[in-house]
Amino acid sequence: LCPAWRLRRTAGWGPDLSMRDLTSPCPPQAFTVIDQNRDGIIDKEDLRDTFAAMGRLNVKNEELDAMMKEASGPINFTVFLTMFGEKLKGADPEDVITGAFKVLDPEGKGTIKKHFLEELLTTQCDRFSQEEIKNMWAAFPPDVGGNVDYKNICYVITHGDAKDQE
């Protein structure tokens, strides 16, 4: 699942917080970044401290309260993971993400060449490491012609992988 989350983040499809560390590379690290006092529960002060660490010092109590109300109770790791997944799965509709990939597929084949996608992901914006590229190809292997089915990637980004649900 982490390669798909990483792909969401790299392509700009993720929570609207713009907190680079929060989605890199997987939820356990994100939880640790937000749980500033390391008590295993994310509270309002943890959120305030996280925003401050990112340079946003004057976060209103109302905004923090609204964020806290998104949870049904104390935000431990399990609650955080559920909320995190819901935010990511709801980031953009599948057709919007597919449309972004279509820009890279002028012939409309539904595929992108592996080497082209790999070059983009390792040289643009928030660059993938070689380990992340390896994980992505394990999750989304190209066909024998070196083509990557981006519609499958889009589906997993928006719906999750069946393996993740088990």
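Within region 109-125, the residues that satisfy the criterion of being assigned to a loop (DSSP other than H, G, I, E, B) and open to solvent by 30 Å² or more (accessible area, probe 1.4 Å) are LYS109, GLN124, CYS125.
Given LEU88, LEU117, which one is modelled with pLDDT of 85 or more and of a type outside the set (Phe, Trp, Tyr)? None of the others qualify; the one that does is LEU117.
Just so you know, in region 126-137 the residues that are within 16 Å of the chain's Cα centre (by Cα) and of a type outside the set (A, V, I, L, M) include one that is surrounded by the most Cβ atoms within 10 Å (Cβ to Cβ), and it is PHE128. Listed by first and then second residue, the pairs with beta-carbon distance under 7 Å, at least 6 apart or on different chains, first residue in region 133-144 and over 16 Å from ILE157 (Cβ atoms), second of a type in the set (A, V, I, L, M, F, W, C) and modelled with pLDDT under 90, are ILE133/LEU121.
Residues that are over 26 Å from ILE157 (Cα atoms) and either of a type in the set (S, T, N, Q) or surrounded by 13 or more Cβ atoms within 10 Å (Cβ to Cβ) (or both) within region 64-88 comprise just one, LEU64. Within 30 Å of ILE41 (Cα to Cα), surrounded by 15 or more Cβ atoms within 10 Å (Cβ to Cβ) and either in the same structural domain as ILE34 (by the TED database) or at pLDDT 80 or above (or both): is that true of PHE140 in this structure? Answer is no for this residue.
Within region 91-108, restricting attention to residues that are surrounded by 15 or more Cβ atoms within 10 Å (Cβ to Cβ) and more than 23 Å from GLY146 (Cβ to Cβ), the residue that is modelled with the highest pLDDT is ASP92. Within region 126-136, the residues that satisfy the criterion of being of a type outside the set (Lys, Arg) and either within 17 Å of LEU104 (Cβ to Cβ) or not in a helix (DSSP H, G or I) (or both) are ASP126, PHE128, SER129, ILE133, MET136.
The values are calculated or read from the model by the stated rules, or taken from the named source; none is laboratory data. Values in this document were obtained by computation on a predicted structure and should not be read as measured data. A quick note on method: Cβ atoms are made from the backbone with ideal geometry, for glycine too, and the neighbour counts reach across all protein chains shown. Heads up: the accessible areas ignore ligands, DNA and RNA and are worked out on the full protein's heavy atoms, side chains in. Shrake-Rupley method; radii C 1.70, N 1.55, O 1.52, S 1.80 Å.
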